[in-house]
Structure formats: C-alpha cells, structure tokens
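The values are calculated or read from the model by the stated rules, or taken from the named source; none is laboratory data. Note that this is a predicted model, so its numbers are computed, not measured. In this analysis, Cβ positions are derived from the backbone assuming ideal geometry, glycine residues included, and neighbour counts consider all displayed protein chains. Please note that ligands, DNA and RNA were not included when accessible areas were found on the heavy atoms of the full protein model with its side chains. Shrake-Rupley method; radii C 1.70, N 1.55, O 1.52, S 1.80 Å.
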Amino acid sequence: MHLSKIIKIIAAVSLLVIVLPVAADSDKNSSIKQEWKEFGKKSADALKSFGKAMGETGKKIGEDVQNALTPKYYGTWVYEGKSETTTVEIKQDKMMTVMQKAALDMRYWSGTYSATQALIVFTVEKSGTDTGYSRSESDDEKTWRILYSFDEEKGTLTLRCSHIPTDKDGHDFSEPTIFKKQK
C-alpha cells in the first residue's frame, strides 16, 4: 500500500513540475502556441501542395484516358480517284459530311452519325449538288451503314459502303476503299 501512495505522489509532483513552469511562463506558452500555429500552417500548405499535385496528375491521367478513348476516325479523310475526289469528314460533335468533287461538279451528303468499333451509322439529313452553274439541295432521311477499319501505322481509314455513289471514274465504294487523312 505504501508503494501505490509513493507512485501517486511521484506522478503528482511530475505533473506539477511540468505544468507549473509552463503556466507561470506566459512567454513560453505563447511560444508553444506560435510553434503549433506555424506547424499547422506548414501542414496545411503541404496538404494544399499535395492536393494540387494530385489534381494535376489526375487531370493528366484524365487527358491520357480521353486520348486513348477518342476515336481514331475523327478528321477529314480523302480518296483521290483519277478525276474525282471523295472526302469524308467525321467530327467529334457527331456531324458528318461525304463529298464527291470533280472539276466544278460537287455532290454532298451531310448529317449525324453514331459509331461502334467497326461500323458508322450515318443519318443523311441533307444532300445536294453544285455544278458551278446550278445548285440543288434536298432534305433526306436516309441511313447509310459504313464499315470501317483504321490503320494507325499508315494513317489510313478503310471504308466500305454501298450507299456512297460510284464516282465518275467508276470506283465502287461497296468495295473496301482506303482514305488518307488530310493534314
């Protein structure tokens, strides 16, 4: 029983030795408060910096993922025959145009599209001709199914569609046709 009283007295004296000088010396107390305040500020700055770095890293990762998911078929693609050029423009905003041009004559089809990994479904909303002397345009509600494949190494898009009219050179687009990306 005496041992437990001794331990209690030692503990009480230890607390008094620690607490009394701190309480008595207000300069030391404010110094400790200032150190804690500084520590808190530095910790907050470090966390803010870490958060900013993580945000930038997250943004970069997001951009990389977006680029990986961005379809390779976006852009303007050109097939050049002997006397006629067929151009296919596929935009990110889901708009698409197919145009065939020979000298002053031009035929075009424009509308919207949806796509999978091998098929573009093109909904033609307008079509028209321009001969240099006359123009005509009409509203359409036709749907073209266009099979495609992309060769990243060559930068080409192979299209196959029986709805694209045979060009003036006699090229039949129901056969696979290689289009080169216009720069």
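Side notes on the structure shown:
- When residues of segment 171-183 are limited to those that are assigned to a loop (DSSP other than H, G, I, E, B) and more than 15 Å from Ala118 (Cβ to Cβ), the one least open to solvent (accessible area, probe 1.4 Å): Phe173
- Search result, residues across segment 156-170 that are farther than 25 Å from Thr112 by Cβ and either open to solvent by 90 Å² or more (accessible area, probe 1.4 Å) or touching a strand residue (DSSP E or B) at 6+ places or on another chain (Cβ under 7 Å) (or both): Lys168
- Filtered residue count, segment 127-153, keeping only those that are aliphatic (A, V, I, L, M) and open to solvent by less than 40 Å² (accessible area, probe 1.4 Å): 1
- Residue within segment 112-126 that is surrounded by fewer than 17 Cβ atoms within 10 Å (Cβ to Cβ) and more than 33 Å from the chain's Cα centre (by Cα) present: no
- Any chance Glu89 is at pLDDT 95 or above, among the charged types (D, E, K, R) and either more than 30 Å from Gly132 (Cα to Cα) or touching a Ser or Thr at 6+ places or on another chain (Cβ under 9 Å) (or both): yes
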